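The values are calculated or read from the model by the stated rules, or taken from the named source; none is laboratory data. None of these values were measured; they are calculated from a predicted model. Cβ placement follows ideal geometry from the backbone for every residue including glycine, while neighbour counts extend to all protein chains displayed. What goes into the accessible areas is simple: the full protein's heavy atoms, side chains included, and nothing from ligands, DNA or RNA. Shrake-Rupley method; radii C 1.70, N 1.55, O 1.52, S 1.80 Å.
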Number of protein chains: 2
Amino acid sequence: MTDGQYVVVPIGWVESPLVDPATAPKQGDEGAPEAYLVFDQGIAEGLRDLQPGTDVIVLTWLDRARRDVLVVHPRGDEARPQTSVFNTRSPHRPNPIGLHRVTILSIDGTRMRVRNLEALDATPIVDVKPVLDPGVER
Amino acid sequence: MTDGQYVVVPIGWVESPLVDPATAPKQGDEGAPEAYLVFDQGIAEGLRDLQPGTDVIVLTWLDRARRDVLVVHPRGDEARPQTSVFNTRSPHRPNPIGLHRVTILSIDGTRMRVRNLEALDATPIVDVKPVLDPGVER
């Protein structure tokens with residue numbers, strides 16, 4: 001901590017065909033292509049017990065988002081009335097942390113192929129957590 | 001971003017009777033007492049449309065956690081074999097971001113009383129997100 005702030009250090013990056021925020025799906029189950037989570041070798045031991053076929057929650061740092069936004073049009077649709085940002089999943093928010101439930105398809109060392117990830121290519125990964133309630137949590 | 005790192009700025013803090021990590025519940029539905037989310041006035045507009053009686057996902061910065069941990073005994077139980085940290089919800093992890101599904105009980109300006117929050121008193125809040133699938137997500 002420095003002066004009431006905290007420093008996030010990426011543990012890996014997203015590799016995805018998605019490069020354009022304007023056309024990327026808003027949520028992972030809305031047509032996201034398969035993507036890869038590519039982790040730093042330095043944290044490999046922390047991944048040891050993850051298994052293909054399971055779902056995990058991936059936290060990302062949405063590095064192309066704006067941080068000075070407190071109200072948004074839901075899903076970027078200007079026909080919809082503005083809503084307070086903490087009542088939305090907009091990437092634009094004071095701390096742009098993305099929350100994604102994905103399915104691990106395969107694991108090759110520190111590379112994992114996943115389904116249902118709508119994050120853009122090169123998005124930093126900051127955490128991975130197990131799903132506590134399989135089948136229902138996302 | 002500075003040098004591959006990102007800075008998290010708290011948007012508020014937890015007020016809770018929980019002060020001891022050793023005796024606090026591991027998850028919010030394991031006996032957590034009622035607590036308060038106390039937000040900065042500066043982000044009040046971002047909270048405008050949140051409603052009592054609804055569930056939200058609160059992200060915290062677990063400021064008393066260790067960041068150099070890659071394997072842990074699940075739930076701190078040394079009788080259980082060590083597991084890779086990204087397969088657990090341990091607070092000790094490279095980026096100690098807490099993920100909590102809570103129920104908003106009441107709202108008074110930028111103070112919200114909530115149920116099912118296991119975070120310790122004075123834990124920084126970094127984000128709030130709506131639940132996408134009411135009734136099943138946590």
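List of remarks:
- Entry remark, the range B:60-90: residues being farther than 30 Å from B:Asp49 by Cβ, open to solvent by less than 70 Å² (accessible area, probe 1.4 Å) and part of a loop (DSSP other than H, G, I, E, B) number 7 in total.
- Scanning the range B:65-92 for residues that are touching a Pro at 6+ places or on another chain (Cβ under 6 Å) and under 30 Å from B:Ile107 (Cα atoms) yields a count of 1.
- Where A:Leu132 falls short, out of the listed (1) closer than 28 Å to B:Leu62 by Cβ; (2) in contact (Cβ under 8 Å) with a residue 24 or more places away in the chain; (3) assigned to a loop (DSSP other than H, G, I, E, B): (2)
- If only residues of the range A:4-44 that are part of a helix (DSSP H, G or I) and either surrounded by 15 or more Cβ atoms within 10 Å (Cβ to Cβ) or of a type in the set (A, V, I, L, M) (or both) are counted, the one that is farthest from the other protein chains (Cβ to nearest Cβ) is A:Ala44.
- Check on B:Pro94, within 11 Å of the chain's Cα centre (by Cα) and crowded, with 21+ Cβ neighbours inside 10 Å: no
- Filtering the range B:110-128 to residues that are of a type in the set (Ser, Thr, Tyr) and under 10 Å from B:Ser16 (Cα atoms) leaves only B:Thr123.
- Considering only residues in the range B:46-56 that are more than 7 Å from every other protein chain (Cβ to nearest Cβ) and surrounded by 14 or more Cβ atoms within 10 Å (Cβ to Cβ), the one that is nearest to A:Pro94 (Cα to Cα) turns out to be B:Val56.
- Residue pairs whose Cβ atoms lie under 9 Å apart, separated by 6 or more positions or on different chains, with the first residue in the range A:29-45 and in contact (Cβ under 8 Å) with a residue 40 or more places away in the chain and over 14 Å from A:Arg101 (Cα atoms) and the second surrounded by fewer than 15 Cβ atoms within 10 Å (Cβ to Cβ) and not charged (D, E, K, R), are A:Phe39/A:Gly109; A:Gln41/A:Gly109; A:Ala44/A:Gly109.
- Residue match in the range A:113-123 (condition: under 19 Å from B:Arg93 (Cα atoms) and surrounded by 15 or more Cβ atoms within 10 Å (Cβ to Cβ)): no
- Of the residues examined, A:Leu105 is not one that is more than 9 Å from chain B (Cβ to nearest Cβ) and outside any strand (DSSP E or B).
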